[in-house]
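*Asks:* Take a look at this one; I'll ask things after.
The values are calculated or read from the model by the stated rules, or taken from the named source; none is laboratory data. Keep in mind that this is a model prediction, so the values were computed, not measured. Don't worry about glycine lacking a Cβ; one is built from the backbone with ideal geometry, like all the others, and counts go over all protein chains shown.
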Amino acid sequence: MGHAETAADVILETEGLTKEFRGFVAVKGVNLKTRRGSIHALIGPNGAGKTTCFNLLTKFLVPTRGRILYKGRDITHARPADIARLGLVRSFQISAVFDHLSALENVRIALQRARGGSFDFWRSDGVLRDLNARAVDLLDAVGLADFAATPAVELPYGRKRALEIATTLALEPEVMLLDEPTAGMGHEDISRIVALIRAVSANRTILMVEHNLSVVADLSDTITVLARGEILAEGDYASVSRNPDVVQAYMGSGND
């Protein structure tokens, strides 16, 4: 594809994105371009500013300077609910999950919110059947078909994260933003979630924050490495992992 992308190729972009906290610059002049249909990973060691950058993109923080563009539209000052309606959805944005409801009920509630949140349709058996069928499809898509009746609180940790992804998919995002989707997981769960992310990326764009370079190695089309709030390197895994600055950032001082 090359890197001479046209404006139409770029679905989410930042220009000079900067966030200062009482004089501390957490994110400094970040220019990020996420291509439509790609899996783009934003990674970096602890203290790199990736979580702050993510919170700016998902409108949980307001930038000090700079702009955020979604499909060429300036969303710098839009609210989280507004950008969700535009198709830019943060995983866990809709509450993560209701612990004491079953996996199926959690997905059904998310589907209901996607329809506009009105409760009047519960009176219609036909609509309820449609919602149940769609909820079962989504559970199946994330490997939770056998857990439909299980209360969320009883799901193993990795399965609960899969349920959170299912509730996010219910909102039919065009761009899905994932915040450290494999954090706190063992190897088996990580493998399952990585496979799941690859599967759900089929017809959408994914931007994920991760600190583990090996997790995004096979998964990402583009990896942007942040260090001390600035872009240190960008490219595919082969080029980024060999970059001496990246090696130094990960192997060097550790937490900054």
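*Asks:* Of the residues R113, R192, only one is farther than 30 Å from I43 by Cβ and within 20 Å of the chain's Cα centre (by Cα); which? Even if it seems obvious, please write down each step before you answer.
*Replies:* Values: R192 fails: farther than 30 Å from I43 by Cβ.
From the options R113, R192, the qualifying one is R113.
*Asks:* Another question, if that's okay. If you take the residues of region 63-90 that are within 22 Å of G23 (Cα to Cα) and free of Cβ contacts under 8 Å to residues at least 40 places away in the same chain, which of them is surrounded by the most Cβ atoms within 10 Å (Cβ to Cβ)?
*Replies:* T76
*Asks:* Right, another one. For L213, state whether it is modelled with pLDDT under 90, under 13 Å from A41 (Cα atoms) and out of contact with any Lys or Arg (no Cβ under 7 Å at 6 or more places or on another chain).
*Replies:* Taking the combined requirement at face value, the residue satisfies it.
*Asks:* Considering only residues that are surrounded by 21 or more Cβ atoms within 10 Å (Cβ to Cβ) and assigned to a loop (DSSP other than H, G, I, E, B), which ones fall in region 39-48?
*Replies:* G44, P45, A48
*Asks:* Can you give me the ranges of the strands (runs of 3 or more DSSP E) entirely in region 189-256 with at least 1 residues that are in contact with a Phe, Trp or Tyr (Cβ under 7 Å, 6 or more places away or on another chain)?
*Replies:* Working: elements: 205-210, 222-227, 230-235.
Of the strands (runs of 3 or more DSSP E) lying wholly inside region 189-256, those with at least 1 residues that are in contact with a Phe, Trp or Tyr (Cβ under 7 Å, 6 or more places away or on another chain) span 205-210, 222-227.
*Asks:* Looking only at region 213-228, count how many residues are under 17 Å from T52 (Cα atoms) and surrounded by fewer than 20 Cβ atoms within 10 Å (Cβ to Cβ).
*Replies:* So the count comes out to 1.
*Asks:* Let me ask something else. If I ask for residues that are part of a helix (DSSP H, G or I) and either of a type in the set (A, V, I, L, M, F, W, C) or in the same structural domain as A84 (by TED's automatic domain parsing) (or both), which ones from region 153-166 would you list?
*Replies:* V153, A162, L163, I165, A166 - these are the residues of region 153-166 that are part of a helix (DSSP H, G or I) and either of a type in the set (A, V, I, L, M, F, W, C) or in the same structural domain as A84 (by TED's automatic domain parsing) (or both).
*Asks:* Looking at T168, T150, which one is modelled with pLDDT of 90 or more, in contact with a helix residue (DSSP H, G or I) (Cβ under 6 Å, 6 or more places away or on another chain) and closer than 20 Å to A110 by Cα?
*Replies:* None of the others qualify; the one that does is T150.
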